Amino acid sequence: MIQVTDLHKRFGELEVLKGVSLSVARGEVISIVGASGAGKTTLLQIVGTLSRPDGGQILIDGVDPFVLGDKDLSRFRNRHIGFVFQFHHLLPEFSAFENVCIPGFIGRRSRGEVERRADELLSMLGLAARRDHKPGQLSGGEQQRVAIARALINSPDVLLADEPSGNLDSRNRDEIHRLFFDLRDRLGQTTVLVTHDEGLAAMADRKITMSDGLIV
């Protein structure tokens, strides 16, 4: 599903990625660990097409997204990649249901299709009773589950998560950890997790360690 070959990225004089190569199988959950500054988040941002590499190639399901123009790249990202961040970035004025629907509407899918899928995901994630609550009325764990449902609304090929449980208490953290593997089992979801949480990292099908811009 993901093939990264000899990836390089520099910010000014600082070389953050120094020739990273990595493959992720369809339906695999991998974790990426390493000290701060190792290049984990930069790698995730490039795989997610949020940042362009200075050298090397990425293929997502056989497609090189960086040969696309800006508009086509945005469409590709919306359709094929879902993101979950440490801070959920839900829009506070909208309900859980509305937040989940937004990427589907951006992708210009039909309202009926998007709304049906949003209800399915909220139900699957145990949030049906919280459908019409705004983020401020939800617990931290519920907010993060809404963010995961939002990431899944367009049935992406790849789910990318950057410290997805870093802002949660231990009970909610454990629930979110189990959820990623439930999604793999139920949806065949390919997932890349960047984390400092060794418990989550150890649960993955494969743990990748980065140091000083390289996979070690």
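The values are calculated or read from the model by the stated rules, or taken from the named source; none is laboratory data. Worth saying up front: this structure is predicted, and the values here are computed from it rather than measured. Backbone-built Cβ (ideal geometry, glycine too); neighbour counts: all protein chains shown. Accessible surface areas use protein heavy atoms only, side chains included; no ligands, DNA or RNA. Shrake-Rupley method; radii C 1.70, N 1.55, O 1.52, S 1.80 Å.
Relative contact order of segment 1-123, please, whole-number percent, based on alpha carbon pairs below 8 angstrom and at least 6 residues apart.
21
Ignoring ligands, DNA and RNA, please state the percent of accessible area on segment 136-216 from carbon and sulfur, probe 1.4 Å.
42
Take ASP205 and SER51, extend 7 Å from each Cα along the Cα→Cβ direction, and tell me the distance between the two endpoints in nm.
That separation, rounded to one decimal, is 2.6 nm.
Give the whole-number value, in cubic angstrom per residue, of the convex hull volume spanned by the C-alpha atoms of segment 69-171.
Once divided by residue count, the hull of segment 69-171 is 103 Å³.
So with the 1.4 Å probe, I'd like the accessible area per residue for segment 1-68, rounded to whole Å². Intermediate values should be presented prior to the final figure.
Numbers: 2940 Å² over 68 residues.
Normalised by residue count, the accessible surface of segment 1-68 is 43 Å².
Give the relative contact order (percent, whole number) for the chain; include only Cα pairs under 8 Å separated by 6+ residues. Intermediate results must be reported in sequence, preceding the final value.
Numbers: 408 pairs, mean separation 70.8, N = 216.
It comes to 33 percent, rounded to a whole number.
Kindly give Rg over Rh for the chain, based on alpha-carbon atoms, with the Kirkwood expression for the hydrodynamic radius.
Radius of gyration over Kirkwood radius for the chain works out to 0.96.
Which percent, to the nearest 5, of DSSP beta bridges fully inside the chain are antiparallel?
Roughly 45 percent of the DSSP beta bridges within the chain come out antiparallel.
Report the residue, chosen from VAL84, VAL146, VAL24, that carries the largest GNM mean-square fluctuation when the chain is represented by alpha-carbon nodes joined by springs under 10 Å.
Of the options given, VAL24 has the highest mean-square fluctuation.
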